[in-house]
Amino acid sequence: MRKIRTLFERVDRKIIDKVADGVNLDFLKEATATEKLDGMNVRCTIRGGTCVRLEKRRNPDKIQKHKGIIEPWYVDTAISSEDKWLNDALANTDLLKLPDGEWSGEALGINIQGNPLNLPNNRIVFFTLDQAPVFENVPTTFDELKTWLPLQKSKYGTDCGIEGIVWHCKNGEMYKIKCKDF
């Protein structure tokens, strides 16, 4: 798994008006912009409409980062109080239409990340299945995004703003921007 790159350079956890190294804003012209949903990143392994493995994202700690490990990975969830709400999100998600394979998504809901989307229950939204809401005509310049983002209402949540936008480019690249980046 690769982290999704932010469009602009960061300085002290805030972005500045400078396009990040390796980011090609031209790719965004034909990209699909989706709502960045605020939850817990998970991956489900599906066989015959059943999840046979539920994993959650693990980020490197300070020691691992110091050793050069910068990309996150997945670890198995457990039947434990720590992963109770991820398992509940899985139980509330219809998997019957999912083909066999590994599917990454975002566990969201009333017991996850403070429920910023004001959802009535826990569930999983799968990234690669076009389940995240699409936003049209999203600006891509620093100043336009700084003004535009805080004004957007979630198309998935109830009576709340968006966390940000993720662009899915035709070449497979993905870029993001979050309201709190500004």
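The values are calculated or read from the model by the stated rules, or taken from the named source; none is laboratory data. Since the model is a prediction, treat every value here as computed from it, not as a measurement. Positions of Cβ are backbone-derived with ideal geometry, glycine not excepted, and every protein chain shown enters the neighbour counts. Side chains are part of the model used for accessible areas, which takes the heavy atoms of the whole protein and leaves out ligands, DNA and RNA. Shrake-Rupley method; radii C 1.70, N 1.55, O 1.52, S 1.80 Å.
Residues that are aliphatic (A, V, I, L, M) and not in a strand (DSSP E or B) within region 27-46 comprise LEU28, ALA31, LEU37, listed in sequence order.
I need the strands (runs of 3 or more DSSP E) fully contained in region 47-135, keeping only those with at least 3 residues that are under 25 Å from VAL166 (Cβ atoms) and touching a Lys or Arg at 6+ places or on another chain (Cβ under 9 Å).
Answer list for region 47-135: 50-58, 73-76, 101-108.
A count restricted to region 117-133 and to residues that are open to solvent by 20 Å² or more (accessible area, probe 1.4 Å) and either in contact with a helix residue (DSSP H, G or I) (Cβ under 7 Å, 6 or more places away or on another chain) or modelled with pLDDT of 95 or more (or both) stands at 4.
Does ASN118 meet the test of being without any contact (Cβ under 8 Å) to a residue 24 or more places away in the chain and at positive phi? Spelling it out, it is not the case that ASN118 is without any contact (Cβ under 8 Å) to a residue 24 or more places away in the chain and at positive phi. Every condition in (1) over 16 Å from LEU37 (Cα atoms); (2) out of contact with any Ser or Thr (no Cβ under 7 Å at 6 or more places or on another chain) is met by ASN87 except one, and the failing one is (2). Taken together, the criteria exclude LYS170 from residues that are assigned to a helix (DSSP H, G or I) and either in contact (Cβ under 8 Å) with a residue 60 or more places away in the chain or surrounded by fewer than 16 Cβ atoms within 10 Å (Cβ to Cβ) (or both).
Restricting attention to region 136-149, and to residues there that are outside any loop (DSSP other than H, G, I, E, B) and of a type in the set (Asp, Glu), which single residue is surrounded by the most Cβ atoms within 10 Å (Cβ to Cβ)? So, considering only residues that are outside any loop (DSSP other than H, G, I, E, B) and of a type in the set (Asp, Glu), the one surrounded by the most Cβ atoms within 10 Å (Cβ to Cβ) is GLU144. Beta carbons closer than 6 Å, at least 6 apart along the sequence or on distinct chains, pair a first residue in region 43-59 that is in contact (Cβ under 8 Å) with a residue 24 or more places away in the chain with a second that is of a type in the set (Asp, Glu) for ARG43/GLU55; ARG43/GLU102; THR45/GLU102; ILE46/ASP100; ARG47/ASP100.
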